[in-house]
Amino acid sequence: FITVAQNDRLQAQEFGTSMATTVHVVLLCSLTSATGNAVTARRIGGYLTNSGLKVSLWNSNEIEDDVTLLHQDKLEAFRQRCVQHHVDCVIGIHAHRAGQYLCHPDSVPYAVLFGGTDVNVFTKDACKLSVMTKALQRATAIVAFSTVVRSCAAEVWPDLITKETCQVIPPSAEVTISSLTSKAAGTHSTLALPPVFTELVAKGHGVFLLPSGLRPVKDPLFVVSQFSEWYAATSKLETESVAIATTTIMTTTTSSTTTTNDTVPHTPVVPCLVIVGPELDPGYSATVLDAIATKPGVYFIGAVDKPVLHAMMFECVAVINSSISEGLSNVLLEAMLLSVPVVE
């Protein structure tokens with residue numbers, strides 16, 4: 001796909017229609033902070049930049065606002081923007097969010113990278129399905145992160161998605177070296193972690209981490225009630241264990257016989273759930289926060305920077321993914337790279 005753009009660039013130079021020597025690649029997707037598509041775009045963009053290409057990240061949400069403001073047809077407006085910025089090719093992440101701008105008859109070459117909700121959710125909407133179909137029909141290349149996603153797409157578009165037309169490229173993951181060094185040295189991170197999280201760890205609680213933006217497709221409410229019930233039950237056991245242990249120690253102290261430590265019951269680790277991520281859907285976020293307010297053992301911290309998130313992963317029992325629709329979770333890959341257990 002990139003080779004096609006490079007050949008076009010060389011041909012343009014030969015005929016004197018372009019003076020630029022470096023291929024300009026645009027990564028088009030939703031760049032909402034702390035979302036999977038944004039993380040994926042920046043990772044791919046970094047790789048392409050290191051390969052000697054000029055890379056620009058364009059936010060599909062901002063383009064939508066611009067088109068609405070100018071009252072222009074979105075396909076033509078995007079095509080003109082590509083011409084203005086001398087774009088050679090586009091990698092669109094998400095068949096609808098990016099695809100809605102790409103299927104102009106005179107579009108530059110583009111690849112479509114399936115995101116997750118485009119295949120699992122948006123295909124159920126007839127209008128969005130039509131847009132995605134047109135985008136896939138004109139695409140120079142189609143990419144999926146896994147054979148599972150490709151198989152799901154093939155069920156929707158059997159004539160467009162095959163092993164020959166859709167390439168599977170497994171994703172990579174990036175973690176902060178400072179976190180890795182801290183873990184290898186057996187020391188706590190020097191990063192300033194959220195106070196609530198630090199306090200839970202200091203108390204010896206078993207912290208389960210749910211990195212998730214608050215929106216319906218991530219379904220954090222699926223685990224909120226269960227964790228709260230688990231927290232309450234274990235807290236009761238902890239209280240009973242402490243009471244029994246205290247009685248046993250007092251009895252041992254006043255007794256003429258010696259009691260071994262085996263008679264003192266083990267105090268259970270109290271589990272709790274910490275949700276980390278931005279409030280993406282205002283209405284749904286309010287519902288989740290209201291639910292958390294009545295559920296002991298469940299905490300919402302909000303969005304944090306990647307290095308902080310990775311440091312939090314080191315201190316937790318496991319990283320959880322409760323998403324209803326998932327292409328391939330970046331945070332699960334990052335957790336596994338850091339040797340942290342995951343639950344999906």
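The modelled label-to-label distance between D125 and A233, using points 7 Å beyond Cα along the C-beta direction, is 3.9 nm. Modelled spin labels at V83 and N61, positioned 7 Å past Cα toward Cβ, are 3.0 nm from each other. A full extension of the chain between A286 and S172 corresponds to an added length of 37.7 nm, given 0.36 nm per residue minus the alpha carbon distance.
Label-point separation (nm) for L160 and Q226, each offset 7 Å from Cα along Cα-to-Cβ? Computed distance between label sites L160 and Q226 equals 3.5 nm.
Which peptide among 43-52, 27-36, 218-227, 85-94 comes first, and what is the full order, when sorted by highest mean count of other Cβ atoms within 10 Å?
Going from most to least packed, we get 85-94, 27-36, 218-227, 43-52.
The slack in the chain from R43 to E76, taken as 0.36 nm per residue of separation less the alpha-carbon distance, amounts to 9.0 nm.
Take the stretch 283-333 with all the other protein chains still there, run a 1.4 Å probe, and you get 37 Å² of accessible area per residue.
The values are calculated or read from the model by the stated rules, or taken from the named source; none is laboratory data. Computed from a predicted structure; not experimentally measured. When we count neighbours, we look across all protein chains shown, and the Cβ atoms used for this are built from the backbone with ideal geometry, even at glycine. These area figures cover heavy atoms from the full protein model, side chains too; ligands, DNA and RNA do not enter into them. Shrake-Rupley method; radii C 1.70, N 1.55, O 1.52, S 1.80 Å.
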